[in-house]
1. Could you work out the relative contact order of the chain? I mean the mean sequence separation of Cα pairs under 8 Å and 6+ apart, divided by the number of residues, in percent.
2. Mind listing the phi-derived Karplus ³J(HN,Hα) values for region 153-158, rounded to whole Hz, using 6.51, -1.76 and 1.60 with θ = phi - 60°, and x for any glycine or proline?
3. Go ahead and run the numbers for FRET between residue 281 and residue 210, Cβ-Cβ distance against an R0 of 41 Å, rounding to 0.05.
4. What's the magnitude of the charge dipole for the chain around its Cα centre, counting Lys and Arg as +1 and Asp and Glu as -1 at the beta-carbon? Answer in Debye, nearest 20.
5. To the nearest 10 degrees, how steeply does helix 164-178 sit against the main Cα axis of the chain, on a 0 to 90 scale?
6. Taking square-rooted eigenvalues a ≥ b ≥ c of the alpha carbon gyration tensor, is region 126-297 rounded, prolate or oblate, where a/c under 1.5 means rounded and, failing that, a/b exceeding b/c means prolate?
7. Just report the Cα centroid separation between region 217-272 and region 308-326, whole Å.
8. Find how much the distance from residue 29 to residue 227 grows on full extension, using 0.36 nm per residue of separation minus their present alpha carbon separation; answer in nm with one decimal.
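FYI, it's all coordinate maths here, none of it is from the lab. Being a predicted model, the structure only gives us computed values, none of them experimental. For neighbour counting, all protein chains shown are included, and Cβ atoms are generated from backbone atoms with ideal geometry for every residue, glycine included.
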Amino acid sequence: MKVLIADQKLVTELFTEQDAIDVMRQALLMLEGGDVVMPLRSLVAVPGGDRVMALLPSYVGGLAAVGVKVVAAFPENFGSEYDTHQGVVLYFDTERGLLRAIVDATSVTALRTGAVSGVATDLLARSDASDLALIGAGTQAHTHLHAVAAVRKLSRIRVFSVPASSADEFAERESHLLNMPVEAVGSAAEAADGADLICTVTTSAEPVLRSEWVSRGAHINAVGAYTPATRELDSALVARARLYADSRKSLLSEAGEFLIPKGEGLVGDDHIVGELGEVLAGKAPGRTSPEQVTLFKSLGLSIEDLAAACHVYQKAKKLGVGTWVEIGGQHFGGAA
């Protein structure tokens, strides 16, 4: 049986920014519709630091797909030649359980995460929002910049990162890609000052964005932290904001941004306004005032990876591109 092997180059060719936003919008609607099985991710801690191996399984009935992303998250890769996330997405059909595709997870994770924040920004940010602050200057900063630029017309872009050289390099590179100035600044407070769009895309375990730095009417995508003990936003900011999740179950179990202020008695479970899929379906309200601060806490969902892998597979099959190899399929040893 022919199985697609999709490397980073093929993924980026077949899963464009607009493709990713459209596919993620549909995946979130399918989650809201309920024809999804999605256990919480399993994490294996690698001794010696904050390195983890994560397994994210899921089933999506609307795609007739079941699969798993296996990814190693090694934050110390930041600044090296290697991305912080390494792995693959395995996509199987639900008719016979046949493996259909092995897809690079580094590119899928980067693109689908940025795209979901693009969906959130489109749903929750003010229609005239145009001043973007990026805190962090890695892969996710790149995909978030381009996803936000796909849904809002940007007039100003500032980036802060540690070390400062990474912000300088990011600003120079992205200025050329977007053909508009990207400014590297000296602090997170300076980046956020007056911004109405903010993305936190760091590997920090402690808050990098504080409430007093955030203007009324801003929309925030909080992306980098993904465990109960880590967060990028301080408690006062979370308590002040209208909070939205990709998955309520995931947020209640995994998001330090929510669990830490909840433990401090500042917020309860009712502080969660809704999931993005509920807003898309008209079952939860979005922004109701230009003065509100809206917050999307991104944790990343396995159905997003599976939807991306299905899209890459179907497009590669239609166009007759990619590397196809014989793996499994028939009964081993001959007829049963």
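1. 21
2. So the J values, rounded to whole Hz, are 7, 8, 10, 8, 9, 10.
3. Here the calculated transfer efficiency is 0.75.
4. The dipole magnitude comes to about 760 debye.
5. Once rounded, one gets 70 degrees.
6. It is prolate, given that a/c is not under 1.5 and a/b is the larger ratio.
7. Distance between centres, Cα-based: 37 Å.
8. That works out to 68.8 nm of additional length.
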